[in-house]
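The values are calculated or read from the model by the stated rules, or taken from the named source; none is laboratory data. Quick caveat, the model's predicted, so the values are computed rather than measured. Every residue, glycine as well, gets a Cβ built from its backbone with ideal geometry; the counts of neighbours run over all protein chains shown. Ligands, DNA and RNA are stripped out before the accessible areas are found, and what is left, the full protein with its side chains, is counted by its heavy atoms. Shrake-Rupley method; radii C 1.70, N 1.55, O 1.52, S 1.80 Å.
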Amino acid sequence: MSHSNALDSLLSEIRRFAVPADFSAQANINSADYAQLCAQAETDPEAFWSALARQHLSWHQPFTEVLDERRAPFYRWFADGSLNVAHNCLDRHLHGATRHKAALIWEGEDGAVRTFTYAQLHREVSRFANALRHQGIEADDRVAIYMPMVPEAVIAMLACARIGAIHTVVFGGFSAEALKDRLEDTGAKLLITADGAWRAGKAVPLKRHADQALLREHEHQVEKVIVLRHTNADIDLQEGRDLWWEDALAGMESSCPALPFNAEHPLFILYTSGSTGKPKGVVHSSAGYLLWALLTVRWVFDLKPEDVYWCTADIGWITGHSYTVYGPLANGATVFLYEGAPMHPHPDRFWAMIERHGVSIFYTAPTAIRAFMKMGQEWPERHDLSSLRLLGTVGEPMNPEAWMWYYETIGGGRCPIADTWWQTETGGHMIAPLPGVTSTKPGSCALPLPGIHARIVDEAGQPIDKPEAGGYLVMEKPWPGMLRGIWGDDARYVESYWAKFGNRYYVAGDSARRDADGYYWVMGRIDDVLNVSGHRLGTAEIESALVAHPAVAEAAVVGIPHEIKGEAICAFVVLRASHAGDDRDTLGASLRAHVAELIGPIARPDDVRITDTLPKTRSGKIMRRLLRAIARGEEIAQDISTLEDEGVVRELQK
Ligand code: WTA
């Protein structure tokens, strides 16, 4: 396995796919545009960003200042301008043909289809915005959204944006506990949820999780809960607190002014895992974020008015925010949405929907591609995929083998693949090929986009220019889509992203190398963050969940390579003396279930190994790199001289 992987990535350096001539002839960005953008970004970054922001966004009050660096690394963009994000995503498309164009086409797991034109979406968002106001929500209030992948989730997000409320979307696959943490941290006043969500024919009880999350009233500030009826699950509505979505809408007007908000007004908070402690509430701005989401959709996905665009990410992740909601809608695109399991009822579900809805741009994750590849090409071969013209991936490094399968079997050898490197914090794509310009190499995310100044630096922060030498991936200059901070924790923002190199660079937390052509190859996280099926999980979160179990005294979590998920979770657990005699199989199963319960099924460890001790340095730090090698069954080549007790290694290897 590792041998053929190594061989594959060697080969991939040779394999290179040129831009098809017919693609570049029609592309939004061709080589000449690209050269011009790069030159402008280099010589006068402020003029570059300013021109783009004026051209692509509708401003209530145009800005006069582009970048404010006075409180760096707390950068501000276009800070004396004002606009309304929902206006930019909806109202400005209501003139001309776009008015009656489909904005959203939704398909449910049972095959039901619902479509909203821009005019209809505008009306629904306005009504729901009025409903939020009627429930006492004002600008700056936080609103949590814990919803299935249904049009109402998008409506809820845009309604918040319309009235300046700050949304925080919590992935519907997260547990009650995870929801509770986010409600508490944001101080959300209102929660929007549904009775349930569909997943592989089963109804996930969202409202029940919400009730659990809200149980201890002194620990949160939620006053109202709006509940969408979706699965018809039997639920309880708490008098005075809960109301149905339809009832919240009753009597609401279908017009709601899109008031201007400052460019820097926080649009949303989205939680993501870091190396230590609880997930961080990443804060994004209104104008800068929207600009970058909008531009990258045009540049990287080459979006055209006639495209049917589908990003498979749930809106609970940043990919869903930037590339299902804000980026495409700001461009007036037709967005396809699907609620349900990817292989339900059969492994050709995605391909059937691409055919049925004529999807032309398709964006998904390597983990999904690997899973489909494993099911065999007979599933996609049953469908006419000729509507596709561009494919994208995000979430983790793409294995060259999966890249080739995606290219040939799904793209018919005709669609450029955009391997997009970016993060929750970056707001939008950072390193990605431009389909009309950049030839692609399987496994590489190609080159930084115009305006993005990526560098690879060594431990001392010195740029590494030598090809193939790995180092820290950093950004040398701010960009409009960057995060504005961590909710309620300025110190953690500086500590997590800037402090390592004295605030000189934004530190992404990934390692990368560059080949002789300048192409970037992202190698993975440098910290204790796992990437499971393209989702970031902090080892600290999972360890805390394990230690919260009565049988566990201590836990250490590491990632091991996994064919489909990219990384699987392996937990080493030391039991409390009182549980030393417990049946290990039963306990292992109950610990796995316990983590899923506390965080969500995506965090369920694949492997739980019960051990007497954990390897620690003399200063008491758990040596995760050693555990990683043990979990992977590798030979221990590393220095274990700092280990407190070398006998632990033999013990663990057993
Ligand atoms: C990883 C998802 C290699 C990376 C948008 C990053 C990737 C983390 C790629 C961010 C890619 C994302 N190639 N690695 N194309 N895209 N990653 O915040 O480790 O959920 O730091 O944002 O995913 O994950 P996040």
Members of the stretch 319-353 that are in a loop (DSSP other than H, G, I, E, B), open to solvent by less than 10 Å² (accessible area, probe 1.4 Å) and within 23 Å of residue 411 (Cβ to Cβ) | 333
All but one of (1) outside any helix (DSSP H, G or I); (2) more than 13 Å from residue 410 (Cβ to Cβ) hold for residue 296, so report the exception by its number.
-> (1)
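Could you list, in sequence order, the residues of the stretch 545-558 that are open to solvent by less than 10 Å² (accessible area, probe 1.4 Å) and within 18 Å of residue 277 (Cα to Cα)?
545, 546, 555, 556, 557, 558
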Selected residue (only one of 251, 316 is outside any helix (DSSP H, G or I) and more than 16 Å from the ligand (Cβ to nearest atom)) = 251
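Restricting attention to the stretch 126-147, does a residue exist that is open to solvent by 10 Å² or more (accessible area, probe 1.4 Å), out of contact with any Lys or Arg (no Cβ under 6 Å at 6 or more places or on another chain) and on the phi > 0 side of the Ramachandran plot? Quick ask: steps written out before the conclusion?
In the first step, residues of the stretch 126-147 are kept if they are open to solvent by 10 Å² or more (accessible area, probe 1.4 Å); the result is 127, 130, 133-136, 138-142.
Still in the running and out of contact with any Lys or Arg (no Cβ under 6 Å at 6 or more places or on another chain): 127, 130, 133-134, 136, 138-140, 142.
From what is left, the residues that are on the phi > 0 side of the Ramachandran plot are 136, 140.
There is at least one residue in the stretch 126-147 that is open to solvent by 10 Å² or more (accessible area, probe 1.4 Å), out of contact with any Lys or Arg (no Cβ under 6 Å at 6 or more places or on another chain) and on the phi > 0 side of the Ramachandran plot.
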Flagged in the stretch 495-508 as in contact with an Asp or Glu (Cβ under 9 Å, 6 or more places away or on another chain) and either aliphatic (A, V, I, L, M) or at pLDDT below 95 (or both), in numbering order, are 508
Using the structure shown, decide if residue 438 is under 28 Å from residue 359 (Cα atoms), part of a loop (DSSP other than H, G, I, E, B), among the β-branched types (Val, Ile, Thr) and touching a residue at least 24 places away in the same chain (Cβ under 8 Å).
-> yes
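Give the residues of the stretch 274-293 that are part of a loop (DSSP other than H, G, I, E, B) and open to solvent by less than 20 Å² (accessible area, probe 1.4 Å), sorted by residue number. Before you say what the answer is, go through the steps one by one.
First, the residues of the stretch 274-293 that are part of a loop (DSSP other than H, G, I, E, B): 274-279, 285-286.
Selection gives 274, 285, 286.
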Is one or more of the residues making up the stretch 448-460 of a type in the set (Lys, Arg) and outside any loop (DSSP other than H, G, I, E, B)?
-> yes
For the stretch 199-215, enumerate the residues that are within 20 Å of residue 279 (Cα to Cα) and either assigned by the TED database to the domain that holds residue 601 or open to solvent by less than 10 Å² (accessible area, probe 1.4 Å) (or both).
-> 210, 213, 214
Only unsatisfied item for residue 482, checking (1) farther than 30 Å from residue 578 by Cα; (2) within 12 Å of the ligand (Cβ to nearest atom), is (2)
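Among the residues of the stretch 60-72, write down those that are assigned to a loop (DSSP other than H, G, I, E, B) and buried (at least 18 other Cβ atoms within 10 Å of the Cβ). Break it down into steps so the answer makes sense when it comes.
Quick first cut of the stretch 60-72, residues assigned to a loop (DSSP other than H, G, I, E, B) only: 60, 62-66, 69-72.
Hits for the stretch 60-72 are 63, 66.
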Cβ pairs under 6 Å, 6+ apart, first in the stretch 248-275 and assigned by the TED database to the domain that holds residue 163, second open to solvent by less than 10 Å² (accessible area, probe 1.4 Å) and of a type in the set (Lys, Arg) = 258/162
Cβ-Cβ under 6 Å pairs, at least 6 apart or on other chains, the stretch 457-472 side in the same structural domain as residue 502 (by the TED database), far side of a type in the set (Lys, Arg) = 463/455; 468/513; 470/513
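Could you check the stretch 39-56 and list, in sequence order, the residues that are open to solvent by 70 Å² or more (accessible area, probe 1.4 Å) and among the aliphatic types (A, V, I, L, M)?
Initial filter on the stretch 39-56 (open to solvent by 70 Å² or more (accessible area, probe 1.4 Å)): 40, 42-44, 46, 54-55.
Passing the criteria: none in range.
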Answer yes or no: is there a residue in the stretch 620-627 that is open to solvent by 60 Å² or more (accessible area, probe 1.4 Å), out of contact with any Cys (no Cβ under 6 Å at 6 or more places or on another chain) and in a loop (DSSP other than H, G, I, E, B).
-> yes
State all residues of the stretch 526-561 that are assigned to a strand (DSSP E or B), touching a strand residue (DSSP E or B) at 6+ places or on another chain (Cβ under 6 Å) and within 11 Å of the ligand (Cβ to nearest atom); if no residue qualifies, say none.
-> 529, 530, 531, 532, 536, 537
Hey, residue 196 under 18 Å from residue 598 (Cα atoms), in the same structural domain as residue 313 (by the TED database) and touching a Pro at 6+ places or on another chain (Cβ under 6 Å) or not = no
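So, in the stretch 221-273, exactly how many residues are of a type in the set (Phe, Trp, Tyr) and buried (at least 22 other Cβ atoms within 10 Å of the Cβ)? If you could, list the steps in order and put the result at the bottom.
We begin by selecting, within the stretch 221-273, every residue of a type in the set (Phe, Trp, Tyr); these are 244-245, 261, 268, 271.
Now narrow it down to the ones that are buried (at least 22 other Cβ atoms within 10 Å of the Cβ): 261, 268, 271.
Selection size over the stretch 221-273: 3.
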Taking residue 457 and the conditions (1) away from the ligand (no atom under 15 Å from the Cβ); (2) open to solvent by less than 30 Å² (accessible area, probe 1.4 Å); (3) under 27 Å from residue 20 (Cα atoms), which numbered condition does it fall short on, given that it satisfies the others?
-> (3)
